[in-house]
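Data block below; observations after.
Nothing in this text is a laboratory measurement; each read-out follows from the coordinates by a stated rule. Because the structure is predicted, anything quoted here is derived from the model rather than measured. Methodologically, a virtual Cβ is constructed for each residue, glycine included, from the backbone with ideal geometry; neighbour enumeration extends over all protein chains shown.
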Amino acid sequence: MVDRKSSDTPFLGGPDTLEAKVVEHPFSFAGSRDRELNALVVEAVNRMGGSGEHAEDRYQRALAPLRERAGEVVDVVFAEYEAQPEESYLDRWSLVYLLSELRDPGAVQPLNRIITTRIPAEKAKESHDTSTVTEEVMIRTTAVEGLVRLSAEGVEEARKVLLRHAKHQRLSIRRACVQGLMETGEDADRKELRALLKERGDEGLLRIKRIDVREAPQAIGGRFVVSPDVKREPPPHDLGREGED
Amino acid sequence: MATCTYTVPDKNASGDNFYGGVICNQAYVDYFWNTYGFSGNKVYWDDGWGWDDCCNTNKPLARAFNGCYALTYSAQDYLNDSYSSAILNWGRRYVRENIDDLRSFCGDGSAIARAKGGGLVEVYLGFFYTKDVPGRAETLIHEARHQGGKPHNANFPTGSTFGSGKSGADSTWDYEGAWMYGALYLWWYYAAGARTTSALRERARQRGNVVIDNAFATHPGFSI
């Protein structure tokens with residue numbers, strides 16, 4: 001690779017070129033003719049990525065009408081999840097998280113199916129920093145989080161599904177189920193879980209504790225210090241068109 | 001020289017729609033361009049990459065700027081970038097001090113980004129289009145840590161989502177390698193990220209946990 005610091009140096013290698021094609025949103029809603037509901041789903045997913053002082057308020061406002069119709073929304077969102085291309089990891093994740101946010105007991109079985117679905121073989125075998133299996137596991141741990149929320153709200157079926165997946169092949173999914181059930185389950189659930197882990201020789205999962213970041217060992221970043229004289233402060237955070245978010 | 005194409009959804013959860021509305025200001029463009037390694041690398045951000053259309057979040061440069069905005073402003077008290085504060089504060093400083101040149105390429109799909117030594121970091125299509133906005137900040141911190149002198153020093157553990165026994169893991173959390181920096185940044189973003197949503201914070205938590213579970217040869221024994 002040619003080292004290049006000056007933009008007017010003749011450049012023999014030639015840079016890459018990119019053509020980006022734009023679509024309005026990633027969803028098809030092939031199974032839903034309710035255009036109003038479909039638009040609400042698109043808006044809620046879009047608002048997940050909000051930025052600015054009012055981002056959370058606006059996201060919650062986008063969720064509210066969906067929660068009022070949670071029963072039918074669960075079906076539409078899950079159908080859309082199943083229709084997504086496998087490699088649309090972020091979009092699939094956003095639909096799973098939306099299922100979780102609905103906090104509707106009707107989401108238990110869709111979330112269970114998401115976790116149960118076989119994880120496809122790794123597509124980025126030569127990479128160490130990108131992994132399709134990791135993306136798939138993240139989608140499933142987010143589904144677990146949805147079950148944990150329902151368990152916390154007393155949905156027994158959610159607790160049963162958490163117990164079932166406490167023996168999942170993937171560590172992160174087992175760990176999330178174990179932590180979630182220990183935190184939100186009833187005494188009988190915890191007893192059954194401990195027995196399961198003992199039987200499987202997987203009691204080590206109980207020792208992985210959720211802690212506050214302030215209790216975790218921190219990184220020591222200061223290899224050297226830039227003199228305040230040469231340090232340039234960033235502009236204020238709110239110069240842009242924040243009012244539009 | 002390679003030519004690549006990508007289909008970009010205008011509305012999804014990546015955060016680009018909203019961060020994009022904020023970064024379209026000359027003060028930010030100037031700051032990011034001159035602070036995070038873009039300067040002197042115009043040729044790598046031209047030809048469809050967005051140099052002449054730097055507010056258009058369908059294109060890579062604006063999406064990189066979005067990541068830079070998250071990196072710079074996600075701490076409530078972002079002006080404090082002291083190394084005695086949280087990585088949410090000083091992550092931007094660490095990137096600034098370790099990445100001299102940031103260049104975009106199509107890539108071959110086998111990496112999101114690569115630290116090439118000498119302060120040069122390459123970012124590939126996945127950086128712009130598969131990572132959400134905070135995830136791009138995490139990637140810059142990860143690669144900056146490599147530039148700061150910490151290569152991966154272990155193989156991924158048995159059962160790791162990144163591939164059992166493959167090289168590219170860090171031995172322990174205390175090694176303070178690139179995985180630890182990235183996970184710790186995501187952890188702080190989840191716990192204290194400002195000007196964002198609970199959804200992006202939860203996504204940071206989920207990714208951070210998967211990294212903690214799978215990218216260290218010895219599990220740290222905690223989770224987010």
Computed over the stretch B:90-133, the distribution of all Cα-Cα distances in 10 Å bins, rounded to whole %, is 27, 51, 22, 0
Based on the alpha-carbon gyration tensor of the stretch B:28-131 and its eigenvalue square roots a ≥ b ≥ c, which shape applies: rounded if a/c is under 1.5, prolate if not and a/b is larger than b/c, or oblate? prolate
Taking a straight Cα-to-Cα line shorter than 30 Å from A:Lys160, and setting aside same-chain lysines fewer than 8 residues away, one finds A:Lys191, A:Lys198, A:Lys209
Return the unpartnered cysteines for the protein assembly as shown, using a Cβ-Cβ cut-off of under 4.7 Å. A:Cys177, B:Cys54, B:Cys68
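Compute the length gained on full extension between A:Glu19 and A:Asp187: take 0.36 nm times their separation in residues and subtract their Cα-Cα distance, giving the result in nm to one decimal. Intermediate results must be reported in sequence, preceding the final value.
On the way: separation 168, 0.36 × 168 = 60.48 nm, distance 5.67 nm.
Fully extending the segment from A:Glu19 to A:Asp187 adds 54.8 nm.
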Check B:Gly168: other-chain or 5+ apart residues with amide H under 5 Å from its amide H, H built from backbone geometry? B:Ala154, B:Phe156
Under the definition of partner shielding as Cβ atoms of other protein chains within 10 Å of a residue Cβ, what is the mean value for peptide A:168-177? 4
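Divide the volume of the convex hull of the Cα atoms of chain A by its number of residues and quote the answer in cubic angstrom per residue. Kindly include the intermediate steps, with their values, before the conclusion.
Working: hull volume 56.0 nm³, N = 245.
In chain A, the Cα hull volume divided by residue count equals 229 Å³.
Note down the relative contact order for chain B as a percent, whole number, built from C-alpha pairs under 8 angstrom at least six residues apart. Can you show the working numbers first?
On the way: 387 pairs, mean separation 38.3, N = 224.
Averaging sequence separation for qualifying contacts and normalising by length gives 17 percent for chain B.
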Express the Stokes-Einstein translational diffusion coefficient of the stretch B:103-224 in µm² s⁻¹, to the nearest whole number, given a Kirkwood radius over alpha-carbon pairs, 25 °C and a viscosity of 0.890 mPa s. 167 µm²/s
Chain A, relative contact order [Cα under 8 Å, separation at least 6], %: 14 percent
Once you sort the root eigenvalues of the Cα gyration tensor of the stretch A:23-87 as a ≥ b ≥ c, which label holds: rounded (a/c under 1.5), prolate (a/b larger than b/c) or oblate (the other case)? oblate
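Using a/c under 1.5 as the rounded threshold, could you call the stretch A:81-226 rounded, prolate or oblate? The axes a ≥ b ≥ c are square roots of the C-alpha gyration tensor eigenvalues, and prolate needs a/b larger than b/c, oblate otherwise.
Oblate, since a/c reaches 1.5 and b/c is not below a/b.
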Tilt of helix B:60-73 relative to the longest C-alpha principal axis of chain B, in degrees (0 to 90, nearest 10)? 60 degrees
Could you line up A:Lys209, B:Lys59 from fewest to most neighbouring Cβ atoms inside 10 Å? A:Lys209, B:Lys59
If we restrict to alpha carbons, what Rg and Dmax does the protein assembly as shown come to, in Å? 21.6, 72
For the stretch B:16-214, what number of Lys pairs, 8 or more residues apart or on separate chains, have alpha-carbon atoms under 20 Å from each other? 5
In whole Hz, what ³J(HN,Hα) sequence does the stretch B:74-80 give by Karplus (6.51, -1.76, 1.60; θ = phi - 60°), x for Gly and Pro? 7, 7, 4, 9, 5, 5, 8
Amide H neighbours of B:Asn12 under 5 Å, at least 5 residues apart or on other chains, H built in the peptide plane: list them. B:Asn17
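Counting other beta carbons within 10 Å of each residue's own, what order do A:Met48, A:Met182 fall into, fewest first? Kindly include the intermediate steps, with their values, before the conclusion.
On the way: A:Met48 29, A:Met182 17.
In order of increasing Cβ crowding within 10 Å: A:Met182, A:Met48.
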With θ set to phi - 60°, apply the Karplus curve 6.51 cos²θ - 1.76 cosθ + 1.60 along the stretch B:194-199 and write out the HN-Hα couplings as whole Hz, x wherever there is a Gly or Pro. 9, 6, 9, 10, 5, 5
Using only Cα atoms, find the angle between the long axis of helix A:156-165 and the longest principal axis of chain A, and express it within 0 to 90 degrees, rounded to the nearest 10. 70 degrees
Mind listing which trypsin sites (Lys or Arg not before Pro) in the stretch A:25-83 are in a DSSP loop and have 13 or fewer other Cβ atoms within 10 Å? A:Arg33
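Once you average over the residues of A:23-33, how many Cβ atoms of partner chains fall within 10 Å of each Cβ?
Values: counts 7, 3, 4, 7, 3, 0, 0, 0, 0, 0, 0.
Across A:23-33, the average partner-chain Cβ count within 10 Å equals 2.
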Under 15 Å from the Cα of A:Lys167 - aspartates and glutamates, other chains or at least 8 residues apart: A:Asp189, A:Glu192, A:Glu199, A:Asp202, A:Glu203
For chain B, place one equal point scatterer on every Cα, skip the solvent, and apply the Debye formula. What is log10 of I(q)/I(0) at q = 0.12, 0.14, 0.16 Å⁻¹? -0.60, -0.83, -1.11
Under Karplus coefficients 6.51, -1.76 and 1.60, residue-wise ³J(HN,Hα) of the stretch A:67-75 in Hz, glycine/proline x: 5, 5, 10, 4, x, 6, 5, 3, 5
